[in-house]
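**Q** My structure is below; once you've seen it, I'll send some questions.
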Amino acid sequence: MPDAPNPTREHSGSTRTALMGAMFLMATSAIGPGFITQTTDFTVRLGAAFAFAILASIIIDIAVQMNVWRVIGVAGKRAHELGNEVLPGIGWALAFLVVTGGLVFNIGNTSGAGLGTNAMFGLDPRIGGVLSALIAIGIFLSKRAGMALDRVVVLLGVVMIAMTAYTAVVSQPPLGDALRNTVLPETVDFLAITTIVGGTVGGYITYAGAHRLLDTGITGPDNVGRITRTSVYGILVTGLMRVLLFLAILGVTVGGVELAADNPTASAFESALGNIGLVVFGTILWAASITSVIGAAYTSVSFLTTSTTPRRRQNLLTVAFIALSAILFVTLGAAPVTLLVFAGAFNGLILPIGFTVVLWVAWRRRDLMGGYRYPWWLKVAGLAAWLLTLYLGWNSLGGLADLWS
C-alpha cells in the first residue's frame, strides 16, 4: 500500500518553498540588467580592489534587509500600511515612488529580456521582450500563481548562479589577489560601495522578499528566526552572484583581453567560453531580466493593494502592470534617459523614506509589532545603515538637479 499523505510533511514542504521563494524573489529582483552592467563596469575599473566594495556592500545590505524583513514580518503589515500608521499619507507617498520607479525600470527589465533572447536565439529584441512578458503574465494567471512564482524564481536564480560559477572557473581569476583585496584593498571606492548598495536594496527591491513573505502567512513574533535567516540568505545569494560575476570578468581582464565598449559583459563571456559564451551570457541576462520583471511587477502591485485585497485581484493587477511595461517597451524601444533619471531619483528616495518608517516602528512603535521587544544591536545596525541611505537619497536629488539644469 502507498504511504498515507502526511499533512505535517506537506505543510513543512510548502513552508520551505515559500521561504525559498521569498528569498530568491528578493535576490533575483536585485540581479537585473543594471546589476550585471554595474558589476562589469566596476570590475574593469577597479580590478581586484572591487572585492572590498562587494564585501562592504553585503554587510550594509544585511543590516538594511534584516531590519526591513523583521519589522514587516513581525508586524504582519506591508511597508506602506506601516507608513500610514506612523504618519498618515506617508505610506501612499512611498507607494507612488515605488510604483513609478518600478514601472520605468520594468521597461528596462523587459528590454534586457529581449536582449537576452537575441543573444541566445538571434530573435528581434522587441519580439523577445514581448514573449518574455507573456511568460511572466502566464505565471500570474496560473491557478497556483504563488507556488509558480516561488518555483520559477528559485529555478532561474540557480541557473544564473551555476552558469556564472562555471564561467568564473574557466576564466581562472587571480583568487589570491581578490582575497587579499577583500580585507586589504589597494583602492577604496566609496562611490562603488554606495552604487551597488543602492542597486541591491534600493527601490522596490527593498520590499520584494518581505512582502512575498507576508503573502505566505509566515509572520509574527513566533517566526522571527525564519524571517531573519531568510533575509540574510537572500542578501548572501545576491552577494554570491555578484562575487561570481566579478571573478568571471576579472579573470578575463587580467588576461589582457580588451572588452568591447558597447557590451563588455557579453565580450567577457565570449572570451572565456568561446562562441558558446554568448549563449551563456544571453541565458544569464534573460534569467536576470525576467525575474526582475516579475519582482518589479509583484512588489509594485503590493504597494497598490493591502493585506486584505483578494489574491486574484492582486494577480490581475500584476498582469496589467507587466502588460503595460511591455507595451511601453515596444512603443519606446527603451526607457528614455530622462525617465531613467527620474526613476533613479525615485529609487534613491524610496530607501531613506521607507527605512525611516521601518526604524521608527522598531524604535518607537512596539504596539505595531504585537509588543515584540526589538533587539538593541539590530536597532544600532539599522541606524548606521540609515545614515548611508540619507547619503544615497541626497545623491539622487543631485541627479534631478543636474537634469533640470
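Just so it is clear, none of the values below were taken in a lab; they were calculated from the coordinates. Being a predicted model, the structure only gives us computed values, none of them experimental. Positions of Cβ are generated from backbone atoms using ideal geometry, with glycine treated the same way; all protein chains shown enter the neighbour counts.
**Q** Anyone know which of THR164, THR216, THR110 comes out most mobile in the 10 Å Cα GNM of the chain?
**A** Largest GNM mean-square fluctuation: THR216.
**Q** Counting pairs of alpha carbon atoms under 8 Å apart in space and at least six apart in sequence, what relative contact order in percent does the stretch 267-399 give?
**A** 21
**Q** Using just the helices of the chain, give the 222 nm mean residue ellipticity in deg cm²/dmol: DSSP H runs with n ≥ 4 each add -39,500 (n - 2.57), and the total is spread over all residues, rounded to 500.
**A** Only helices count here, giving -28000 deg cm²/dmol.
**Q** For the chain, the longest stretch holding no trypsin sites (Lys or Arg not before Pro) located in a DSSP loop with at most 10 other Cβ atoms within 10 Å is which?
**A** Longest run free of exposed loop sites: 145-372.
**Q** Moving to a separate point now. For the stretch 305-393, what Kirkwood radius comes out of the mean inverse Cα-Cα distance, in Å?
**A** The Cα-based Kirkwood calculation yields 16.4 Å.
**Q** Could you tell me which label, among (i) 0.96; (ii) 1.06; (iii) 1.01, carries the value of Rg/Rh (Cα atoms, Kirkwood Rh) calculated for this structure?
**A** Correct label, based on the coordinates given: (i).
**Q** Taking the Cα centroid of the stretch 16-88 and of the stretch 262-284, what is the distance between the two, rounded to the nearest whole Å?
**A** Between the Cα centre of the stretch 16-88 and that of the stretch 262-284, the gap is 26 Å.
**Q** Please turn the phi angles of the stretch 345-355 into ³J(HN,Hα) values with the Karplus equation 6.51 cos²θ - 1.76 cosθ + 1.60 (θ = phi - 60°), one per residue in order, whole Hz, x for glycine and proline.
**A** 5, 4, 4, x, 7, 4, 4, x, 5, x, 6
**Q** On average, how much area does the Cα convex hull of the stretch 72-165 cover when viewed from any direction, in nm²?
**A** 8.4
**Q** Another one. If I build a Gaussian network model for the chain, linking alpha-carbon pairs within less than 10 angstrom, which residue out of GLU270, GLU258, GLU81 has the largest mean-square fluctuation?
**A** GLU258
**Q** For the stretch 151-218, compute Rh as the Kirkwood radius over C-alpha pairs and then the Stokes-Einstein diffusion coefficient at 37 °C and 0.692 mPa s; write the answer in µm²/s, rounded to an integer.
**A** Answer from the Stokes-Einstein relation: 213 µm²/s.
**Q** Could I get the Rg over Rh figure for the stretch 231-345? Both from C-alpha atoms, Rh via Kirkwood, rounded to two places.
**A** My calculation of the ratio gives 1.07.
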